[in-house]
Structure formats: C-alpha cells, structure tokens
C-alpha cells in the first residue's frame, strides 16, 4: 500500500470501450459485469502492491511503486477478461483501453493527484481496444528483452503541454492485436475468407447454379500463390473467427429470366470495399460464365492483395503464359531464398526471350540479378552485376515506362562505390508510369546511403503503397533510414516488425541493437546482440558495416560505436 504523500509513481488508467452501447443493449447485464470486474481489478492491483485510486462507472485509476507492477496488473486483468469474453457473444464482450505514465503523484486525504495521473488518462484514450499504451518514461523503465512494444510516435494529448512519446505494448491477449501489428507491414501472405453466396428470392435452378459459381471461385482463388483462402462456412465462428484480413461476399439477384451476380472484396479491419464486381446475364448463361467470373475476381484479388500496381502494367503483355511467368517470378523473389532467386531468373528469362520487343523480361531479370548479387546468392557477384547492367540497358532501350531499369543500373553503380555515376542515373530517372514499387525501393535504398534519410523514407513509403505484399527489404531499408535520421523508436519498432517475419535479417537486427543502445535500453540491446552472435556466428559485423556504401562516414562510425556498446562488436 502506498502511504507517502508526494513521490514518483506509476499511474495506470483504464476505461471500457463502447460502454454506452453496452448499457443501452442490456443495462442489467452490463452492471453485473462491471461489478464482477471491479472485484477483479481490486484483486489484481492489490496482488501487485498497488493502490486503487478510484473506480467510477466504467473506468479506474491505480497507482504503483514501479512500472513492472503496473504492467503485470494490466496483463493479469486483460488475460482474465479475454477468458471471460470467450464465452460471450461479440456485442456483449467488454474490453478496457489502458494508459500508463510515470511521474509525480501526490496523495492527500486518500485522494491522488499529479501529472502522471493526467498523462496516463490521456494516453488511455489513444490505446487500442483491449490494449495498453505507455509513455516514454514507462517504456524506458521496462527495459526487459522479453517485453515487446510498438512505437506510436510523439503524441499531442489534450491538456498536456508537451508532446509525449507513446508506445503500445503488443503482447496482450486481446483479439489478435499482435497479428494486426505484423500485418501493417504487409510482409505475410494475406488471408481471404469466402462467404456463403446470397441466393434469397431466386428459383431452385438459379440457386443450384449459384452454388457452382461459388465453388468455381473458391477453386480459382485457392490456386493463387501467396494467398491463404478460408472457406468461411467451414469455420464455426464464421469469417471473424477465421483470422482472415479480407473477405469476398457474393450473391445472385433474379429478375425473371435475367440474373445479376455480384462479388465484393472487403477489408475486414475497416470494412471498406476494396473492389466490387457486377455481371448481368441470363439464367441459361450462368453456367457458361461461371469460370469467367471466377477468373475476373481472382485477377482482381491478385492485383489488389498480392502483386499490387505492377500487375496492371504487366497485364499489357497480352499473353497469359508470359503474365503467369512474371507473377510467379515475383512470388519466388519475395521469398528471398537462393532457390527462389534461381527460379525467378529462369521465368524472367523466358519472358525476355518470348517477348524481346518488350522491356519487362529484361528489366525484371536485371533486378533479380542485382538482388542475387547483393545477397551473395551467386558465386560471382561482380559478374552478376555486369549482367544486370547489360539487361537494364536493354530494358531502358526497350522503353521501360517504370524507371526500374535505370534504378537497377544506379543501384549497381552505388554498390560498386561509383557514387557520381549512380547519382547521374538518378538525376535522369524517367518514370512515365509510376506503378512499380521496385523503382522507388531502389532509389530509397540509394538515398539512405547518401544520408538523405527523409527522402529515402518517402520513397520507401511509396514503394510499400504500390505493392500488395511488401518485399522484406523495403521496411528494412526504411528502418535503416529512420535510424540514420535519429528517429530511434520508429526505427526499432519497424526492425522488430521485420524480424517477426524474417528472424535472420541481419540489417534489421543491427538497426534494432543500435537503436536500443541510443534509447538507453541496455538490457534489450545486449539481448539483441546475443541474437546476432547466435544467428550469424561467422559474420564480422564491423567488416559488414565497412562494406556498406554509406557516403557519410560518421554514420558508420556511430553504428559501430552503438554495436560495440551492445556487445555485437568486440571492444579494443
């Protein structure tokens, strides 16, 4: 029990999400639930030597002696509530938003006052439903490698004079929120739920054919690479319980002998329509057009969720076999394996041979060769760079409208330390159709080496908007750029997101360790350093940094100093 009158403490503020709607739906049930949760909150706060400052209606405030005690309380309360929610229908589930701050707290006549309480209450308002957000001082105090946070940036909070650094704790058990953080980087394959087809007010013939339309659609979508398809009716909890980010809703409307078939692609996080399709046909023609409809929806899904904007451009090849090879090559490259790289080169080579009058096969092959040489997937990187330049020039001569061919050539020159030549290519970069993510990703990579970190971040953001599934090196380069610019919390958070998907990403680990050192998170930095040594025992980190073509030497020296402090580089 806290008895002193004024000292530095940790304040935890919590408020029920959607309380008014819960009361309006069922006042008696909501009152009973809050009574039970009041007891739960009191028990958990006392178990962690805290003091319940107040519990009024749907919110409470508690005070603790240290940040870990407050965090343990938040985890215990949320875990218990989620277990109870599992037995309740979605509209009756209760969740708190929670906020924590550390600072001055004054106790007088059993009441608590102070900046920490006010700040915690404001932070609570921007926490996710069922989640916990904490201030910078709390984050610093929780320097524990096993705890995971996501930077929410500097926030201007109501009635708080100065901006506050805020971090979301991402390991609470509330409704897949950790999955939502990972999916924000778009590194994982999207999951798509196919709902039952709506067939109200149609005759038996149309209803039977509608079932076939749905089966054709399910089959066609299931064969798309890098897409996980869920048959929603087979999931007891429906599409919401399937873990799917997207869903396709289909239906048939009948008007005598005419029918209208619709298919709508939704983002389930926002319930926004991503793409909508409608077709008019006759009852007799439904069977005939079923596969055509399935193909159209599948192509739309591939463009919107998997390949991204480049898919629209490559469709101009007007050759289904060549388009298929381009798409498959992208899929193989995205996996970033030596085997996938070899297969992508074969596929892109086939396209350049079958369509020597078009730039796409040459340009894509050039990019693949640059990527393979950069990742040392080839025994002779310099020869691969030479070939990449040769093919890039063919792509440029063939009228590459995306600028990718020129960007590849600039990236090769930068890798070789030919900085002026690389810059000259960038200065003359011609982008007729700004649809290719790789063009922006490559230029962003070059700009961060030049120390132009803000421009690099802008370019990487464009690249990530243009593609359905990001290549892991996009957020990795962005994290490096943010580190160069001193935006440490964002750099660390982004690097952690990459490592969730790609644990052996060396650059992401190095960014994370260095950012943690500069944030004063010594225990976390040491733990990250141990991971680097464990996963890359044969790599000389200092030599790796010396080989990066950063043009400002102080960036490399700063990085080295941080990694030496963390233990990733041996001290002298």
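The values are calculated or read from the model by the stated rules, or taken from the named source; none is laboratory data. It should be emphasised that the depicted structure is a prediction, and the values quoted were computed from it without experimental measurement. FYI the Cβ positions are ideal-geometry reconstructions off the backbone, even for glycines, and counts take in every protein chain you see.
Residues checked against (1) part of a strand (DSSP E or B); (2) more than 28 Å from the chain's Cα centre (by Cα):
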{"site": "105", "(1), (2)": "yes, yes"}
{"site": "130", "(1), (2)": "no, no"}
{"site": "138", "(1), (2)": "no, no"}
{"site": "144", "(1), (2)": "no, no"}
{"site": "153", "(1), (2)": "yes, no"}
{"site": "159", "(1), (2)": "no, yes"}
{"site": "165", "(1), (2)": "yes, no"}
**Asked** With (1) touching a helix residue (DSSP H, G or I) at 6+ places or on another chain (Cβ under 6 Å); (2) under 30 Å from residue 138 (Cα atoms); (3) modelled with pLDDT under 95; (4) crowded, with 22+ Cβ neighbours inside 10 Å as the list, and residue 521 as the residue in question, which single condition is left unmet?
**Response** (1)
**Item:** Answer residue from region 426-447, given it is over 21 Å from the mean Cα position of the chain (by Cα) and part of a helix (DSSP H, G or I) and is farthest from residue 399 (Cα to Cα) among those
**Value:** 447
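Yes or no, residue by residue, for (1) touching a residue at least 24 places away in the same chain (Cβ under 8 Å); (2) surrounded by 24 or more Cβ atoms within 10 Å (Cβ to Cβ); (3) outside the structural domain of residue 361 (by TED's automatic domain parsing):
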position: 417; (1), (2), (3): yes, no, no
position: 426; (1), (2), (3): no, no, no
position: 429; (1), (2), (3): yes, no, no
position: 442; (1), (2), (3): yes, yes, yes
position: 446; (1), (2), (3): yes, yes, yes
**Prompt:** On the given criteria, is residue 421 free of Cβ contacts under 8 Å to residues at least 24 places away in the same chain and part of a helix (DSSP H, G or I)?
**Reply:** yes
**Message:** For region 73-103: of the residues being touching a strand residue (DSSP E or B) at 6+ places or on another chain (Cβ under 9 Å) and in a helix (DSSP H, G or I), which is farthest from residue 139 (Cα to Cα)?
**Reply:** 81
**Message:** Being assigned to a helix (DSSP H, G or I) and touching a residue at least 24 places away in the same chain (Cβ under 8 Å) is the filter here; which residues of region 242-288 pass it?
**Reply:** 286, 287
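Being at pLDDT 60 or above and either out of contact with any helix residue (DSSP H, G or I) (no Cβ under 6 Å at 6 or more places or on another chain) or on the phi > 0 side of the Ramachandran plot (or both) is the filter here, so list the residues in region 175-187 that pass it. Explain how you work it out, then say what you get.
Kept after step one, since they are at pLDDT 60 or above, are these residues of region 175-187: 184-187.
Selection gives 184, 186.
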**Asked** Checking residue 339 against (1) surrounded by 14 or more Cβ atoms within 10 Å (Cβ to Cβ); (2) part of a helix (DSSP H, G or I), which single condition isn't satisfied?
**Response** (1)
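Could you tell me which of the residues 462, 457, 484, 477 is more than 30 Å from residue 227 (Cβ to Cβ) and either in contact with a helix residue (DSSP H, G or I) (Cβ under 8 Å, 6 or more places away or on another chain) or not assigned by TED's automatic domain parsing to the domain that holds residue 410 (or both)? Before the answer, list the steps.
Details: 462 fails: more than 30 Å from residue 227 (Cβ to Cβ); 457 fails: more than 30 Å from residue 227 (Cβ to Cβ); 477 fails: more than 30 Å from residue 227 (Cβ to Cβ).
Only one candidate qualifies: 484.
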**Complete:** (1) under 25 Å from residue 476 (Cβ atoms); (2) in contact (Cβ under 8 Å) with a residue 40 or more places away in the chain all hold for residue 407 apart from (2)
